[in-house]
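The values are calculated or read from the model by the stated rules, or taken from the named source; none is laboratory data. Keep in mind it's a predicted model, so treat the numbers as computed, not measured. Backbone-built Cβ (ideal geometry, glycine too); neighbour counts: all protein chains shown.
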Amino acid sequence: MQNEFNFVNRNMFDLDDYSAEEIYQILESAKVMKEINSRSYKKIPTLRGKTVCTLFFENSTRTLMSFELAAHRLSADVVSFSANTSSLSKGESLQDTVLTLDAMGIDAYIIRHSYAGSPQMVYKYTGKPVLNGGDGRHAHPTQALLDIYSIWEKRGNLKGMKVAIVGDIAHSRVVRSNLIGMKKLGAEVTVCAPRTLMPGQMEEIYGCKVEYDLKKALTGADAVMGLRMQLERQKDGLFPSLEEYTKYYSLSKETLKWAKADALVMHPGPMNRGIEILPEIADSKQSVILDQVTNGVAIRMALLFLILGGQA
């Protein structure tokens, strides 16, 4: 596999560090990795001898498992760190925890943490490549890459594509990374939410369009992504009730009629079925939600391959 750009030993903090051309290189590499995953024997020796550590301080199913599968399929060794059973519970600092792990010969770290900036902190202490599996409300770049790949795979290009992202914009790290990546590739992105779930200055900061009316947001969309309604935010009184939210912002057969007839239906997961998206849409032929999960393994394989200098 010939790589036009040098990714070796780079970090993946967020997509603002990568050019459009580099993002396309990641997508092309993921395409190859997906072909490998389709074979009966999925494992290749390209990262044999490398050790990857997953540092997950928050719960995860898709991101954690897909990163671990990606590393295993490239023949890397995987060390899984559990905050609940580690010395952190005894008062050890993140710095000392990371330094201890690094002394064991880790080659790359994948971290998910509730604090924004935690990936940069791990890099500061280790100097080893760090991939961000989600930090606070800040960023989730590998999720954005698999979302972008899922559109690119079906449509061949994002330039001029109209993408609508609907849901809890204010608390979503996924939407921020998607806005950066999709805009770099030329997509026209509209974000839609109740006013209480929409941060200020979205248009100025991200170059997207802001809508509070679902019909306006979905009209003419090529792809529609629902975001998880973070139910814990309901306790903060940010909207009157879940029923009220569902009435005005849920993705359904009726609301999807406003989008293009062949619009892709997406969701980064986990889904609250019947709240931000109805099963009739989540399980429809237009849905690429399970494709997103599959593509997550390929994207993460591509990143590990590129950043750890894998040899084809």
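A single entry from LEU158, LEU227, LEU218, LEU197 fulfils the requirement of being under 14 Å from ILE275 (Cβ atoms), touching a Phe, Trp or Tyr at 6+ places or on another chain (Cβ under 8 Å) and surrounded by 22 or more Cβ atoms within 10 Å (Cβ to Cβ): LEU197. Any residue at all in the stretch 98-110 that is part of a helix (DSSP H, G or I), at pLDDT 95 or above, in the same structural domain as GLU21 (by TED's automatic domain parsing) and polar (S, T, N, Q)? Checking the stretch 98-110: not a single residue is part of a helix (DSSP H, G or I), at pLDDT 95 or above, in the same structural domain as GLU21 (by TED's automatic domain parsing) and polar (S, T, N, Q). Where strands (runs of 3 or more DSSP E) sit wholly within the stretch 147-221, those with at least 3 residues that are closer than 15 Å to LEU251 by Cβ occupy 162-166, 188-192. Would the stretch 49-60 turn up any residue that is assigned by TED's automatic domain parsing to the domain that holds VAL297 and either more than 26 Å from VAL98 (Cβ to Cβ) or touching a Pro at 6+ places or on another chain (Cβ under 6 Å) (or both)? Taking every residue of the stretch 49-60 in turn, none turns out to be assigned by TED's automatic domain parsing to the domain that holds VAL297 and either more than 26 Å from VAL98 (Cβ to Cβ) or touching a Pro at 6+ places or on another chain (Cβ under 6 Å) (or both). State yes or no: is LYS31 charged (D, E, K, R), assigned to a loop (DSSP other than H, G, I, E, B) and in contact with a helix residue (DSSP H, G or I) (Cβ under 8 Å, 6 or more places away or on another chain)? Criteria not met by LYS31.
Residue pairs whose Cβ atoms lie under 6 Å apart, sitting 6 or more positions apart in sequence or on different chains, and linking a residue in the stretch 260-275 that is within 17 Å of LEU64 (Cα to Cα) to a partner that is of a type outside the set (Phe, Trp, Tyr) and modelled with pLDDT under 95, are GLY269/ARG62.
Scanning the stretch 52-72 for residues that are surrounded by fewer than 23 Cβ atoms within 10 Å (Cβ to Cβ), in a helix (DSSP H, G or I) and touching a residue at least 24 places away in the same chain (Cβ under 8 Å) yields ARG62, LEU64, LEU69, HIS72. Listed by position, the helices (runs of 4 or more DSSP H) inside the stretch 236-302 whose residues that are within 19 Å of ASP213 (Cα to Cα) and touching a Leu at 6+ places or on another chain (Cβ under 8 Å) number at least 1 are 242-249, 253-256. Restricting attention to the stretch 111-136, the residues that are touching a Ser or Thr at 6+ places or on another chain (Cβ under 8 Å) and surrounded by fewer than 17 Cβ atoms within 10 Å (Cβ to Cβ) add up to 1.
Scanning the stretch 137-185 for residues that are touching a helix residue (DSSP H, G or I) at 6+ places or on another chain (Cβ under 8 Å), farther than 17 Å from PHE13 by Cα and of a type in the set (Gly, Ala, Ser) gives SER150, ALA164, GLY167, ALA170. Tell me, yes or no, whether the stretch 147-154 has at least one residue that is surrounded by fewer than 18 Cβ atoms within 10 Å (Cβ to Cβ) and modelled with pLDDT under 95. So far as the stretch 147-154 goes, no, none of its residues is surrounded by fewer than 18 Cβ atoms within 10 Å (Cβ to Cβ) and modelled with pLDDT under 95. Screening ALA259 with (1) buried (at least 18 other Cβ atoms within 10 Å of the Cβ); (2) of a type in the set (A, V, I, L, M); (3) closer than 30 Å to LEU131 by Cα; (4) outside the structural domain of ASN59 (by TED's automatic domain parsing) gives one miss only, at (3).
Checked against (1) within 20 Å of ASP107 (Cβ to Cβ); (2) buried (at least 17 other Cβ atoms within 10 Å of the Cβ), GLN25 passes all but a single condition, namely (1).
Taking the criterion of being modelled with pLDDT of 95 or more and on the phi > 0 side of the Ramachandran plot, the residues of the stretch 118-146 that qualify are GLY127, GLY134. Cβ-Cβ contacts under 8 Å between residues 6 or more apart (or on different chains), taken from a first residue in the stretch 240-252 that is in contact (Cβ under 8 Å) with a residue 60 or more places away in the chain and under 22 Å from GLN286 (Cβ atoms) to a second residue that is surrounded by 11 or more Cβ atoms within 10 Å (Cβ to Cβ) and among the charged types (D, E, K, R), are listed as TYR249/GLU276; LEU251/GLU276.
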